[in-house]
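Visitor: I'd like to ask you about the structure that follows.
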Amino acid sequence: MTKRAKNTICLWYNGDAEEAANFYARTFPDSSVDAVNHAPADYPSGSEGDVLTVEFTVLGIPCLGLNGGPLFTHSEAFSFQVATTDQEETDRYWNAIVGNGGEESACGWCRDKWGISWQITPQVLSDAIADPDRATAKRVFEAMMTMGKIDVAAIEAARRG
């Protein structure tokens, strides 16, 4: 018997939690599908035997996908923030999410095809926005505000002034 995490993120899906979990496991390191659990009886949005929950891990974070039906949808009020080391890693994650039926947003945010929001955030951006030189931080922030996917070279140029 595996010890369960004390705190797990529960994400609501409309019947496709297993598909989402498999995508995350293929896309991100330290990610896996850990268990698929079937409904022991009929429930409001499904039938006995349907996939009810999927236990999975995304970038080391334990999650539970609940196939609860169409009643609730996701919003940007919850997002996964993924710290990237360079443009190549930023592009890889951004393109995987957007290219798999997702959509672009602003300032490094995108949404996967299941409605989960992701912030694909190069570490250079986080470091620059926290720069103690407020003029530098402002230049970087203003540059970021014009971007969809974050352009590392443009952030570095804004930081240099």
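Visitor: In nanometres, what is the gap between the two model label sites at THR8 and GLU103, each 7 Å from Cα along Cα-to-Cβ?
Guide: 3.1
Visitor: Next question, about the same structure. Hey, can you list the DSSP H helices of the chain whose Cα span along the axis is 27 Å or longer and whose average Kyte-Doolittle score is at least -0.5?
Guide: Numbers: long enough: none.
Length and hydropathy pass: none found.
Visitor: What does the helix-only formula give at 222 nm for the chain: each DSSP H stretch with n ≥ 4 adding -39500 (n - 2.57), the total divided by the residues, and the result rounded to the nearest 500 deg cm²/dmol?
Guide: -9500 deg cm²/dmol
Visitor: Using the beta-carbon distance between THR146 and LEU59 and R0 = 30 Å, what value does 1/(1 + (r/R0)^6) give for FRET efficiency, to the nearest 0.05?
Guide: That gives a FRET efficiency of 0.65.
Visitor: Can you compute the FRET efficiency between ARG134 and GLU76 using 1/(1 + (r/R0)^6), with r the Cβ-Cβ distance and R0 = 25 Å? Round to the nearest 0.05.
Guide: So the FRET efficiency works out to roughly 0.40.
Visitor: Just to be sure I understand the model, the point goes 7 Å from the Cα along the line to the Cβ. What's the resulting GLU156 to SER47 distance in nm?
Guide: 5.7
Visitor: Return the sequence-ordered ³J(HN,Hα) values of the stretch 50-66 in whole Hz as given by the Karplus equation 6.51 cos²θ - 1.76 cosθ + 1.60 applied to θ = phi - 60°, using x for Gly and Pro.
Guide: Working through the residues one at a time gives 5, 5, 9, 9, 10, 8, 8, 10, 10, 6, x, 9, x, 9, 10, x, 10 Hz.
Visitor: Tally Lys/Arg at +1 and Asp/Glu at -1 over every other residue whose Cβ is under 12 Å from the Cβ of SER79; what's the total?
Guide: My count for the surroundings of SER79 gives -1.
Visitor: Still on this model: With only Lys, Arg, Asp and Glu charged, each at its Cβ (+1 for the first two, -1 for the last two), find how big the charge dipole of the chain is about the Cα centre; round to the nearest 20 debye.
Guide: 480
Visitor: Taking the stretch 1-53, which trypsin sites (Lys or Arg not before Pro) meet the DSSP loop condition and have no more than 13 other C-beta atoms within 10 Å?
Guide: Those that pass, being in a loop and sparsely packed, are LYS3, ARG4, LYS6.
Visitor: If we count GluC sites (Glu not before Pro) as exposed when they sit in a DSSP loop and have at most 15 other beta carbons within 10 Å, what is the longest stretch of the chain that avoids them all?
Guide: Within the chain, the longest run free of exposed GluC sites (Glu not before Pro) spans 77-161.
Visitor: Then there's this: Per residue, how large is the accessible surface of the chain? Use a 1.4 angstrom probe and give square angstrom.
Guide: Value for the chain: 55 Å² per residue.
Visitor: On the protein heavy atoms, probe 1.4 angstrom, tell me the percent of accessible surface of the chain carried by carbon and sulfur.
Guide: Within the chain, the accessible surface is 52 percent carbon and sulfur.
Visitor: How big, in percent, is the set of alpha carbon pairs in the chain lying more than 28 Å apart?
Guide: Value for the chain (Cα pairs over 28 Å): 31 percent.
Visitor: With a sphere of radius 11 Å drawn around the Cβ of SER105, what net charge do the other residues whose Cβ falls strictly inside it have (Lys, Arg +1; Asp, Glu -1)?
Guide: That sum, taken over residues with Cβ under 11 Å, equals -1.
Visitor: On to the next question. From the backbone phi of the stretch 32-38, what are the Karplus-calculated ³J(HN,Hα) couplings (6.51 cos²θ - 1.76 cosθ + 1.60, θ = phi - 60°) in whole Hz, Gly and Pro given as x?
Guide: 7, 9, 9, 6, 10, 10, 9
Visitor: Which cross-chain or sequence-distant (5 or more) residues have an amide H under 5 Å from the amide H of GLN81, H modelled 1.01 Å from N in plane?
Guide: Long-range HN contacts for GLN81: GLN119.
The values are calculated or read from the model by the stated rules, or taken from the named source; none is laboratory data. Quick caveat: nothing in here was measured; it's all calculated off a predicted structure. For neighbour counting, all protein chains shown are included, and Cβ atoms are generated from backbone atoms with ideal geometry for every residue, glycine included. Remember, those area values only see protein heavy atoms, side chains included, never the ligands or the DNA or RNA. Shrake-Rupley method; radii C 1.70, N 1.55, O 1.52, S 1.80 Å.
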